[in-house]
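> I am attaching a structure below and will ask some questions about it afterwards.
The values are calculated or read from the model by the stated rules, or taken from the named source; none is laboratory data. The model shown is predicted, which means the values in this text are computed figures rather than measured ones. All Cβ positions, glycine included, derive from the backbone under ideal geometry; neighbour counts span all protein chains shown.
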Amino acid sequence: MTAPTALNVYDDAAVARITAFVERETGGKVVGLERLVRWRPSWFVDVESAGAVRRFHLRGDRGGDVSIFPDLKREADIIALLHGQGLPVPEVHAYLADPPCILMEAIAGTRDFSGLDAATKSAIGRVYMRAVAGMHRLPVEPFVEAGVHLPESAEGVALVGLDAYMDHYVRTKSRPEPLIEFVIVWMRRNVPRHRGGRAGFIQFDSGQYLVDDGAMTKLYDFEFSMIGDPLFDIATMGMRNSYEPLGAPLPELVRYYEEATGEPLDHAAVVFYVLQFSVLGTMQFTGTVGEPVPGDPHSVYLMFDLSLRRSILLALSALMAAPLPELPPLGRDAGDNGPLLAKLADTLATLPVETEAARAHKVQVAELVEWVRRADSHGADVIARNLADVSAFLKRPFGTWGEASAALEAHIKVAGPAEDAAIFTLLAALEGRRLQVFGPTALGVAAMHVVLPDTRG
């Protein structure tokens, strides 16, 4: 297994090894290498051979300590299996172990559907959902042989994501997580066993495909793929649709999926998987959100964390038929460091940058400064309100938020279902205040617009 690789490991020497690897595998000469501005190392590479130039894509290792499946070769093998069975995915040409890198076909297309009319979006949607249904029908044995886990019970199928993420969560957890622990307990008590343990190959983080010239090209990104309930993919594509529109309306896409599978959609089960995927993302990033790791794109993880927690609350509210509490507005700005933080933001704005990567880094720093300004302005007030709520619930006082959140987490782990409604209301208030603080920031915009996927129409 390849070890997790920090982003800065892809230095000039590593890129030189990648370049030599590309030339060796293609028999051509690298004439262009364009690094993409993303939180994982990736490039477009142009290779000249026999007088023609061909473009490939290079996918590097995410790095840090947020990967559930840190071996990049796992994804390369999965994509190769899908391609070999006729699924519209990139062709994998080769894999490099050091530094970890997949050499694959560069897919033409974009995620932007804005220039397409409704009829074209519908036609693309039908093709896409047929491809998804076809992927779900694939025999799972080749993936099992490649090392993908096969759950053996209805509960195992329904909770395949949770089981996959637990080791990482326990190992990296850096602070008490009452909300996460409540969701884990609640899901284990409310598994949709009526699904009967149906298992298929799933992309897991679904809804990722490109369009070009009015047609779908290919699906991409199989980093988190598993064998589980196919409705997990409907849930995650619905979540993605809220910030990365899939073209045709989601209820229309669902109808195309029903046509392709010949079965009606289990809408309640989809919401269960929205809940599960939301908590898994929170579990994935909570360690580094609590204790930032050098080199990690911390602003990205803060944005993910805030949005996913909002999604958890919405899904739980729907599944439990429990309304979210109405919260009074925050108090006035009471921070001590406002002028200094304002000056920091002003100084940052004047720093010159010359490259796209540097501009992106500067934006991330500005986002973090804005986040800190909101914490300085309202953090003390919110902590006081949270301490009062937890103290009232547990019927004892606490001196710090760390003590209170640890005690609440411990209580949640042993509480019975009779307390679910009261615990949910408390957690929704705690997380709702967090959204009040950080929602009005550049990183918080996404969380403010999170909605449950509408699969019914």
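> For Arg433, state whether it is more than 24 Å from Asp296 (Cβ to Cβ) and not in a loop (DSSP other than H, G, I, E, B).
Values: more than 24 Å from Asp296 (Cβ to Cβ): yes; not in a loop (DSSP other than H, G, I, E, B): yes.
Judged against the criteria, Arg433 is a match.
> In region 294-335, what residues are assigned to a loop (DSSP other than H, G, I, E, B), touching a helix residue (DSSP H, G or I) at 6+ places or on another chain (Cβ under 8 Å) and more than 20 Å from Gln436 (Cβ to Cβ)?
Gly295, Asp296, Pro297
> What about Val53, is it touching a Leu at 6+ places or on another chain (Cβ under 9 Å), over 30 Å from Thr282 (Cα atoms) and either crowded, with 21+ Cβ neighbours inside 10 Å or of a type outside the set (Asp, Glu) (or both)?
For Val53, the condition - touching a Leu at 6+ places or on another chain (Cβ under 9 Å), over 30 Å from Thr282 (Cα atoms) and either crowded, with 21+ Cβ neighbours inside 10 Å or of a type outside the set (Asp, Glu) (or both) - is not met.
> What about Gly86, is it surrounded by fewer than 19 Cβ atoms within 10 Å (Cβ to Cβ) and either in a loop (DSSP other than H, G, I, E, B) or modelled with pLDDT under 95 (or both)?
Against the criterion (surrounded by fewer than 19 Cβ atoms within 10 Å (Cβ to Cβ) and either in a loop (DSSP other than H, G, I, E, B) or modelled with pLDDT under 95 (or both)), Gly86 qualifies.
> Given the conditions (1) closer than 21 Å to Arg188 by Cβ; (2) buried (at least 17 other Cβ atoms within 10 Å of the Cβ), and given that Ala418 satisfies all but one, which numbered condition is not satisfied?
Ala418 satisfies every listed condition except (2).
> Same structure again: If we keep just the residues of region 28-40 that are over 22 Å from Ala164 (Cα atoms) and under 17 Å from the mean Cα position of the chain (by Cα), which is surrounded by the fewest Cβ atoms within 10 Å (Cβ to Cβ)?
My answer is Arg38.
> For Gly295, are the conditions met, namely being surrounded by fewer than 22 Cβ atoms within 10 Å (Cβ to Cβ) and at pLDDT 95 or above?
no
> Among the residues of region 431-441, is any among the hydrophobic types (A, V, I, L, M, F, W, C), over 30 Å from Asn190 (Cβ atoms), surrounded by fewer than 18 Cβ atoms within 10 Å (Cβ to Cβ) and touching a Lys or Arg at 6+ places or on another chain (Cβ under 6 Å)?
No; the residues of region 431-441 include none that is among the hydrophobic types (A, V, I, L, M, F, W, C), over 30 Å from Asn190 (Cβ atoms), surrounded by fewer than 18 Cβ atoms within 10 Å (Cβ to Cβ) and touching a Lys or Arg at 6+ places or on another chain (Cβ under 6 Å).
> Additional query: Would you check if Leu344 is farther than 17 Å from Leu427 by Cα, free of Cβ contacts under 8 Å to residues at least 40 places away in the same chain and loosely packed, with under 12 Cβ neighbours inside 10 Å?
no
> Return a yes/no flag: does region 103-112 have any residue that is among the aliphatic types (A, V, I, L, M), within 22 Å of the chain's Cα centre (by Cα) and under 30 Å from Leu408 (Cα atoms). Outline the logic, then answer.
Residues of region 103-112 that are among the aliphatic types (A, V, I, L, M), as a first pass: 103-104, 106-108.
So of that shortlist, the ones also within 22 Å of the chain's Cα centre (by Cα) come out as 107.
With under 30 Å from Leu408 (Cα atoms) added as a condition, the list becomes none.
No, there is no match, as no residue in region 103-112 is among the aliphatic types (A, V, I, L, M), within 22 Å of the chain's Cα centre (by Cα) and under 30 Å from Leu408 (Cα atoms).
> Same structure again: Suppose the filter is out of contact with any His (no Cβ under 7 Å at 6 or more places or on another chain), of a type in the set (A, V, I, L, M), more than 30 Å from Asp61 (Cβ to Cβ) and at pLDDT 95 or above; does Val254 pass it?
So Val254 passes the test.
> On to the next question. Determine which single condition Ala315 fails, assuming it passes every other condition in (1) buried (at least 24 other Cβ atoms within 10 Å of the Cβ); (2) in the same structural domain as Lys173 (by TED's automatic domain parsing).
Just one mismatch for Ala315, condition (2).
> For region 286-293, check the following and say yes or no: at least one residue is within 26 Å of the chain's Cα centre (by Cα), part of a loop (DSSP other than H, G, I, E, B) and either of a type in the set (A, V, I, L, M, F, W, C) or more than 30 Å from Phe424 (Cβ to Cβ) (or both). Even if it seems obvious, please write down each step before you answer.
Restricting attention to region 286-293, the residues satisfying the condition of being within 26 Å of the chain's Cα centre (by Cα) are 286-293.
Applying the additional criterion that residues be part of a loop (DSSP other than H, G, I, E, B) yields 291-293.
Within this subset, residues satisfying the condition of being either of a type in the set (A, V, I, L, M, F, W, C) or more than 30 Å from Phe424 (Cβ to Cβ) (or both) are 293.
Yes: one or more hits.
> Those residues that are small (Gly, Ala, Ser) and within 22 Å of Pro41 (Cβ to Cβ), I need them from region 200-231; list them, please.
Within region 200-231, just Ser225 meets the criteria.
> Looking at region 228-274, which of its residues are crowded, with 19+ Cβ neighbours inside 10 Å, β-branched (Val, Ile, Thr) and over 17 Å from Arg111 (Cβ atoms)?
Hits for region 228-274 are Ile234, Val254, Val270, Val271, Val274.
> Looking at Ile68, Ile78, which is the one that is modelled with pLDDT of 95 or more and either surrounded by 15 or more Cβ atoms within 10 Å (Cβ to Cβ) or part of a loop (DSSP other than H, G, I, E, B) (or both)?
Ile78
> May I ask you to list the residues in region 283-331 that are in contact with a Ser or Thr (Cβ under 9 Å, 6 or more places away or on another chain) and of a type in the set (D, E, K, R)?
Glu291, Asp296, Asp305, Arg309, Arg310
> Here is a further query. Do you know which of the residues in region 442-457 that are of a type in the set (Gly, Ala, Ser) and not in a helix (DSSP H, G or I) is modelled with the lowest pLDDT? Show your work before the answer.
We begin by selecting, within region 442-457, every residue of a type in the set (Gly, Ala, Ser); these are 442, 444, 446-447, 457.
Those left that are additionally not in a helix (DSSP H, G or I): 442, 444, 457.
Values: Ala442: 97, Gly444: 97, Gly457: 85.
Per the criteria, the residue is Gly457.
> What's the total number of residues in region 359-402 that are without any contact (Cβ under 8 Å) to a residue 40 or more places away in the chain and hydroxyl-bearing (Ser, Thr, Tyr)?
Counting residues in region 359-402 that are without any contact (Cβ under 8 Å) to a residue 40 or more places away in the chain and hydroxyl-bearing (Ser, Thr, Tyr) gives 2.
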